[in-house]
Amino acid sequence: MAQIQDDRMRVRAQAKWVRTSARKARLVLDHIRGRSVPEARTILAFTTRAAATDIEKVLRSAVANAEANHGLDGDELVVEAAFADEGPTLKRWKPRARGRVNRIRKRTCHVTLVLAEVPEENTRRRPRKQAAETPASAPAAEGSTPKSRTRRRKKEAVA
């Protein structure tokens, strides 16, 4: 697999042995991947899943690394990569009826966030193209809703 190299600065932060399963953490990470840092913070603040608090700590750490070590502005960064790898599983036992036992698996994961500078081609925005007004849309301005336009057409067809 070929990787595209560019001159953007990347900052990485990792939290190891987080006491949640990797699958649960991935559900939250899917929401913030590709978003700007302020937008990702807002999403994590309003996410009700428990993994969101741990991921928010990793995001804060990555932003602090960028500001302290590389002199970057934290609000100008984008979450380029976000993934959760499985960590070691703690195995515990629970006694059950008739002398039996059930295994309890306490799963852990390693959360990694990679922040990158916003690409320069995305910072320059093109103005939106204005839609040309067509003759068919001119009568539509008389009726304010599509339902009223339909009624008017039906009345014209009957008359």
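The values are calculated or read from the model by the stated rules, or taken from the named source; none is laboratory data. Model, not experiment: these values are computed from the prediction. All Cβ positions, even for glycine, are placed from backbone atoms using ideal geometry, and neighbour counts span all protein chains on display.
Among residues of the stretch 17-55 being free of Cβ contacts under 8 Å to residues at least 40 places away in the same chain and part of a loop (DSSP other than H, G, I, E, B), the one that is nearest to P119 (Cα to Cα) is T47.
Scoring H70 on the criteria (1) more than 15 Å from A15 (Cβ to Cβ); (2) of a type outside the set (V, I, T); (3) in contact with an Asp or Glu (Cβ under 6 Å, 6 or more places away or on another chain) leaves a single failure, condition (3).
The strands (runs of 3 or more DSSP E) falling completely within the stretch 73-159 that include 1 or more residues that are surrounded by 10 or more Cβ atoms within 10 Å (Cβ to Cβ) and modelled with pLDDT under 95 map to 109-117. For the stretch 9-48, a residue qualifies if it is under 10 Å from the mean Cα position of the chain (by Cα) and basic (K, R), and the qualifying residues are R33, R35, R41.
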